[in-house]
Amino acid sequence: MSENKKPSGSEYRKRARERSEREDALLKKMPSFDTFFSKSKTSSNNDSSESLLDASVKNVLVESNKSKSEIHVAVPSTSANTLNKTLTETFPEQLPDGYSHFNVTDEKVKNLKNVNDPALWEINEELREYFAIHGIIQNDDGDFSKSIRKYSDQNRFLNKNVFFKKLVNGEVVKRCHLVYSKSTGRIYCASCKLYGGTTSLGTDGFNDWKNSHIIHDHDNNAEHRACLRKYLGRSNLSLRIDSKLKIQYQGEVQYWKNVLLRVVEVVKFLSSRGLPFHGENEILGSTNNGNFFECIELLCKFDPFIADHVALFVNKGKGVPSYLSSTTVDEFVLLLADHVKTKIVTERKLAKYFSIIVNSTPDVSNVDQLTFVVRYVATDGSPNERFLTFIPNRGHTGEDLEKAVVSTLETLDININDCRRQSYDNAYNMSGCYKRLQNRIKELNP
């Protein structure tokens, strides 16, 4: 039986050296954090694609500030380095504006309630984050009816001048931290309310309008200044620990918005001319891929941005978002149809009186349906005949047709009492002097 000998010192050092080499080799195989945001290589020229992407980001920064609508986007990691470099080096002065709309669709922000009333704030990190990103609404529109305070000599109200102060040099500046509560009629200091101020403006609110000098004293309070520094520091993107990720995320959002701008224009072009969208496949370069992809291919010849996007994302199969698929196109068609329908209904309301035209017709698949059309005279005196919608045929009796027409009018918020004419085809169940659709509509509105 052999004895277990204790390893010598040289043996210990040898084992430690081998263990260190194995750990170093393992660390070299692991990707660094930066590689998760690196741009994937394509067959196109990387230098040219980066410059084109830089130009596109500059354009979309200007375009995006004009719209407040938010888009749910899938954020890929392909162009992150380029976008990050563009935003931080080329356009540093535009970062605060771009960042002000960041994370609008965050679920935690959506769940916040009463963000415009400081008396009802539930102070938590989500609320502090919301105001750091979006800023504070002061409610200083002049409606201070609930701010009445009864004194022995007279009644006093909040004066709008409270939201301004005069500096020693005579300059008048706004107190951007003051917020009026429409529910209580008091004013609050938002920064003190959010970050633990103990004065009346940071807790229960202030409404002693006879002693408004207290507000001036509050501005010079050390506690107020400390809370204000916390608020401004959190609002400053460059001071945040996650500033680079925020900038990169915003850049990705702007990139996809720029893609969608081109997609929408193609959809508007094809739908306004009644042209079909899809073909036998969705393969770029195929002769049977439909009009939509043909238009995208045409744009690629003259628009370097969409050309680079197509090279990166198209023909990758399911699971890789490109916003060039039939799903995205069909969704935009429905959105545009709803927008047009809303416009027609709005014009009809301005005209007030209208007539309806309902005809039964089968489509190409022999599915019977009702076409619903309205006629009205616009405010400029021109007659208009507008198709509104197809109604699924729920039956062929006069009662079934009446329910379909009435429910459609209710859905479109059209008052049947303003109807003055009706027109149908000569089918037995449509027009007639007894229990057909024509007579049933007359009974509702003689």
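The values are calculated or read from the model by the stated rules, or taken from the named source; none is laboratory data. Because the structure is a prediction, the values reported are computed rather than measured. When we count neighbours, we look across all protein chains shown, and the Cβ atoms used for this are built from the backbone with ideal geometry, even at glycine. These accessible areas exclude ligands, DNA and RNA; they are computed on the full protein's heavy atoms, side chains included. Shrake-Rupley method; radii C 1.70, N 1.55, O 1.52, S 1.80 Å.
Quick check: is even one residue across region 270-281 buried (at least 20 other Cβ atoms within 10 Å of the Cβ) and in contact with a helix residue (DSSP H, G or I) (Cβ under 8 Å, 6 or more places away or on another chain)? Don't jump to the end; show me each part of the working.
Narrowing region 270-281 to residues buried (at least 20 other Cβ atoms within 10 Å of the Cβ): none.
No, region 270-281 has no match at all.
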Completion exercise
The residue that is nearest to Asp153 (Cα to Cα), considering only those in region 197-215 that are over 39 Å from the mean Cα position of the chain (by Cα) and part of a helix (DSSP H, G or I), is Lys210
Problem - Residues of region 163-183 classified as in a loop (DSSP other than H, G, I, E, B), out of contact with any helix residue (DSSP H, G or I) (no Cβ under 8 Å at 6 or more places or on another chain) and under 21 Å from Gly197 (Cα atoms), total - result: 1
Exercise for the section: Select from region 223-248 the residues that are modelled with pLDDT under 80, of a type outside the set (D, E, K, R) and under 16 Å from Gly135 (Cβ atoms) and list them in ascending order. Expected result: Asn236, Leu237
Exercise for the section: Six or more apart or on different chains, Cβ under 6 Å: which pairs go from a residue in region 130-152 that's closer than 18 Å to Asp208 by Cα to one that's among the aromatic types (Phe, Trp, Tyr) and part of a loop (DSSP other than H, G, I, E, B)? Could you list them? Expected result: Phe144/Phe157; Ser147/Phe157; Ile148/Phe157
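Name the residue, out of Ile148, Ile137, Ile123, that is over 21 Å from Gly197 (Cβ atoms), open to solvent by 50 Å² or more (accessible area, probe 1.4 Å) and of a type in the set (Val, Ile, Thr). Let's see the steps before the verdict.
On the way: Ile137 fails: over 21 Å from Gly197 (Cβ atoms); Ile123 fails: over 21 Å from Gly197 (Cβ atoms).
It is Ile148.
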Handout entry: Scan of region 318-377 for residues that are touching a helix residue (DSSP H, G or I) at 6+ places or on another chain (Cβ under 7 Å), free of Cβ contacts under 8 Å to residues at least 60 places away in the same chain, surrounded by 15 or more Cβ atoms within 10 Å (Cβ to Cβ) and among the β-branched types (Val, Ile, Thr), ordered by number
Key = Val374
Practice task
Any residue in region 302-313 that's within 11 Å of Tyr255 (Cβ to Cβ) and in contact (Cβ under 8 Å) with a residue 60 or more places away in the chain: show its pairings with residues that are assigned to a helix (DSSP H, G or I) and open to solvent by less than 30 Å² (accessible area, probe 1.4 Å) at Cβ separation under 8 Å, as long as the two are six or more apart or on different chains.
Solution key: Phe305/Leu53; Phe305/Ser56; Phe305/Asn258; Asp308/Ser49; Asp308/Leu53
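Does Lys113 meet the test of being part of a loop (DSSP other than H, G, I, E, B), at pLDDT below 85 and open to solvent by 70 Å² or more (accessible area, probe 1.4 Å)?
Numbers: part of a loop (DSSP other than H, G, I, E, B): yes; at pLDDT below 85: yes; open to solvent by 70 Å² or more (accessible area, probe 1.4 Å): yes.
So Lys113 passes the test.
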Exercise for the section: Give region 235-269 a look and list any residue that's of a type outside the set (Phe, Trp, Tyr), open to solvent by 60 Å² or more (accessible area, probe 1.4 Å) and either touching a helix residue (DSSP H, G or I) at 6+ places or on another chain (Cβ under 6 Å) or farther than 30 Å from Ser191 by Cβ (or both), or say none. Expected result: Leu239, Leu261, Glu265, Lys268
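Considering each residue of region 237-287, count those that are outside any helix (DSSP H, G or I), of a type in the set (Gly, Ala, Ser) and farther than 17 Å from Thr328 by Cα, and give that number. Reasoning before the result, please.
Looking only at region 237-287, we keep the residues that are outside any helix (DSSP H, G or I), and these are 240-242, 273-287.
With the extra rule that they be of a type in the set (Gly, Ala, Ser), the set shrinks to 274, 279, 285-286.
Cutting the leftovers down to farther than 17 Å from Thr328 by Cα gives us 274, 285-286.
Residues that pass the stated criteria total 3.
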Completion exercise
Those residues of region 152-162 which are open to solvent by less than 40 Å² (accessible area, probe 1.4 Å) and assigned to a loop (DSSP other than H, G, I, E, B) amount to Leu158
